[in-house]
């Protein structure tokens, strides 16, 4: 169903870009996520784990498939997987190595 090269290319690209943005923001602000949220009080869509953005992306991909836009849908499916992978990698690899804990919170 999915074109493997397109899926994995988008998955890896989005994983790397999302993780770099997350790390750069953390370094730039010099704060943990909790400190940033307390100081700025951003809307919930900024506070939540970015993996949750995969849900509307997958729904969009299904709509694209239904309308015959399978090539674009493959990219969207890959990007949504990349968002999930980036969030999991951040919390279970990067943060434990960087700060000694997962930093997992809800949302």
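The values are calculated or read from the model by the stated rules, or taken from the named source; none is laboratory data. Please read these numbers as outputs of a predicted model, since none were measured by experiment. As a convention, Cβ positions derive from the backbone with ideal geometry for all residues, glycine included, and neighbour counts pool all protein chains shown.
In table form, for the structure just shown:
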{"quantity": "Evaluation of residue 38 against (1) under 29 Å from residue 6 (Cβ atoms); (2) surrounded by fewer than 16 Cβ atoms within 10 Å (Cβ to Cβ) (one fails), failing number", "calculated": "(1)"}
{"quantity": "Number of the condition not met by residue 16 [criteria: (1) surrounded by fewer than 12 Cβ atoms within 10 Å (Cβ to Cβ); (2) under 14 Å from the mean Cα position of the chain (by Cα)]", "calculated": "(1)"}
{"quantity": "Answer residue from region 55-84, given it is touching a residue at least 12 places away in the same chain (Cβ under 8 Å) and more than 19 Å from the chain's Cα centre (by Cα) and is nearest to residue 12 (Cα to Cα) among those", "calculated": "71"}
{"quantity": "Of residues in region 53-106 being at pLDDT below 95, out of contact with any helix residue (DSSP H, G or I) (no Cβ under 6 Å at 6 or more places or on another chain) and not in a helix (DSSP H, G or I), the one surrounded by the fewest Cβ atoms within 10 Å (Cβ to Cβ)", "calculated": "106"}
{"quantity": "Residue check for residue 14: modelled with pLDDT of 80 or more and either touching a helix residue (DSSP H, G or I) at 6+ places or on another chain (Cβ under 6 Å) or within 18 Å of residue 88 (Cβ to Cβ) (or both)", "calculated": "yes"}
